[in-house]
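Before any comments, here is the structure.
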Amino acid sequence: MWGGPKEIILDGVTGFTTRANCVEDFTEKVAYAIGLLENAPEIFRKMGRDAHAHVTRAYRWEEAVGTIFEGHSFYRADDRDERKIA
């Protein structure tokens, strides 16, 4: 669940993804984003709010740390819902 931009960004909803190593695609998406900011700032701002909501809902620090440290001797899981560093 802790992947890169293609997993985190919902293309056209919370941001834009581009094809790897494709300058033309990147340039088009940047130009489109600038156009949104200039011509439809409410849509641009909504995309930012949606991005923040998506990330805070889908990716929690506690879960990331738990995933990293799970199985180490200083890490214990009291139960599936509450994980603590011992």
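Every number here is computed from the coordinates shown, using simple stated rules; none is lab data. Being a predicted model, the structure only gives us computed values, none of them experimental.
Scanning residues 5 or more positions from residue 15 or on other chains, those with amide H under 5 Å from its amide H are 10, with H placed 1.01 Å from N in the peptide plane.
Using 0.36 nm times the number of residues separating residue 21 and residue 57, minus their current alpha carbon distance, what extension gain do you get? Write out the running numbers ahead of the final one.
Numbers: separation 36, 0.36 × 36 = 12.96 nm, distance 3.00 nm.
Gain on stretching residue 21 to residue 57: 10.0 nm.
The slack between residue 11 and residue 69, meaning 0.36 nm per residue of separation minus the straight C-alpha distance, is 17.8 nm.
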